[in-house]
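Notes to accompany the following structure.
The values are calculated or read from the model by the stated rules, or taken from the named source; none is laboratory data. Values in this document were obtained by computation on a predicted structure and should not be read as measured data. Heads up, the Cβs are rebuilt from the backbone with ideal geometry, glycines too, and the neighbour counts pull from every protein chain shown. For the accessible areas, the whole protein counts, side chains as well, though only heavy atoms, and no ligand, DNA or RNA atoms are used. Shrake-Rupley method; radii C 1.70, N 1.55, O 1.52, S 1.80 Å.
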Amino acid sequence: RVPFFKISSGDINNFQLIEHIVKKNKPVILSTGRSNLKEVSKTVLFLKKIKCKNYTLLHCVSEYPAKHKGLNLYAIKLLKRKFKCKVGYSDHTLPGNMSNLETAALLGAVVIEKHFSHDKTLPGNDHYHAMDKFDLLEFRKKMRGTQKIVGLREKQSLPSEQIARENARRSLVAVSRVERGSVIQKDHLTWKRPAHGISPKEIEQVLGMKACKEILEDEVLQWNALIHT
């Protein structure tokens with residue numbers, strides 16, 4: 001049993017075939033080569049009409065071999081934004097450094113389709129632009145390296161940044177000597193590096209507190225030097 005069905009771009013408007021495949025209740029991968037956006041839209045509407053819930057569109061340039069300068073990989077993002085579905089990329093370029101496959105993944109392709117051959121010298125229209133096992137190993141190595149560079153799909157402060165974070169950010173600092181018992185006012189404070197004390201973002205909480213000890217000029221403020229009035 002196959003886990004999914006792949007429909008070639010030549011059948012993107014073959015609604016009878018598409019419906020026959022969808023009735024098998026397996027995921028569908030549909031290539032969009034040779035198609036414009038209007039044609040893709042009609043097929044997606046048909047997929048929705050026949051209640052196909054699990055489909056992936058592949059951006060594809062049906063040229064053999066496809067040239068890098070005409071790959072239009074931004075269409076991956078367009079398809080994803082327009083149809084709110086999973087999107088991949090079907091590639092027909094000659095294997096080289098395969099940076100186009102990495103770029104497709106970075107643009108959101110969740111499926112990469114590439115012809116595979118055990119011998120690229122065999123006759124026919126598919127072997128010469130296919131991957132072989134050496135290309136696949138190289139792509140896997142490069143993609144893993146790229147994934148390490150790209151990292152997580154979120155913004156966070158990394159452990160490796162902690163020292164720079166503390167040294168580059170600032171703390172509240174006394175502009176001049178503050179006597180014990182004085183109420184902290186704005187003109188008592190400035191902010192300087194490093195971030196070893198109270199953060200400037202806490203200034204509103206600090207204002208109006210009392211110094212429970214003498215704070216020297218240019219001293220970094222600490223919470224244990226302050227009490228609420």
Grab the other residues whose beta carbon is less than 11 angstrom from that of Ser176, score K and R as +1, D and E as -1, and report the net.
-4
Of the accessible area of segment 59-118, with the probe set at 1.4 angstrom, what percent is carbon plus sulfur?
56
Send over the per residue convex hull volume for segment 1-146, Cα only, as a whole number of Å³.
122
Size of the dipole of the chain about the Cα centre, Lys and Arg at +1 and Asp and Glu at -1 on the beta carbon, nothing else charged, in debye to 20?
1120
Going through the cross-link list Lys42/Lys69; Lys51/Lys155; Lys49/Lys69; Lys148/Lys201; Lys53/Lys141, which pairs have a Cα-Cα distance over 31 Å in this structure?
Lys51/Lys155; Lys49/Lys69; Lys148/Lys201; Lys53/Lys141
Please work out the average accessible area per residue across the chain, using the 1.4 Å probe convention, and give it in Å².
65
Please work out, to two decimal places, the log10 of the ratio I(q)/I(0) at q = 0.11, 0.21 Å⁻¹ from a Debye calculation in which every Cα of segment 124-229 carries one identical scatterer.
-0.52, -1.02
Once you keep just the Cα pairs under 8 angstrom separated by 6 or more residues, what percentage relative contact order results for the chain?
11
What are the principal axis extents of the Cα atoms in segment 80-141, in Å, biggest first?
40, 25, 13
Cα-based radius of gyration of segment 1-66 once divided by 2.2 N^0.38 Å, which approximates compact folds
1.07
Over the chain, what is the percentage of antiparallel beta bridges among all DSSP beta bridges, to the nearest 5?
35
Taking the alpha-carbon centroid of each part, what is the distance from segment 51-122 to segment 140-180 in angstrom?
35
Just to be sure I understand the model, the point goes 7 Å from the Cα along the line to the Cβ. What's the resulting Lys77 to Phe46 distance in nm?
3.0
So between Lys133 and Leu17, what do we pick up on full extension, going 0.36 nm a residue minus the alpha carbon distance?
38.5 nm
Tyr128 accessible area, nearest 10 Å², 1.4 Å probe?
80
Roughly speaking, to the nearest percent, how much of segment 125-208's 1.4 Å accessible area is carbon and sulfur?
51
Full extension between Gln147 and Asn36 adds, at 0.36 nm per residue less the Cα distance, a length in nm of 36.8 nm
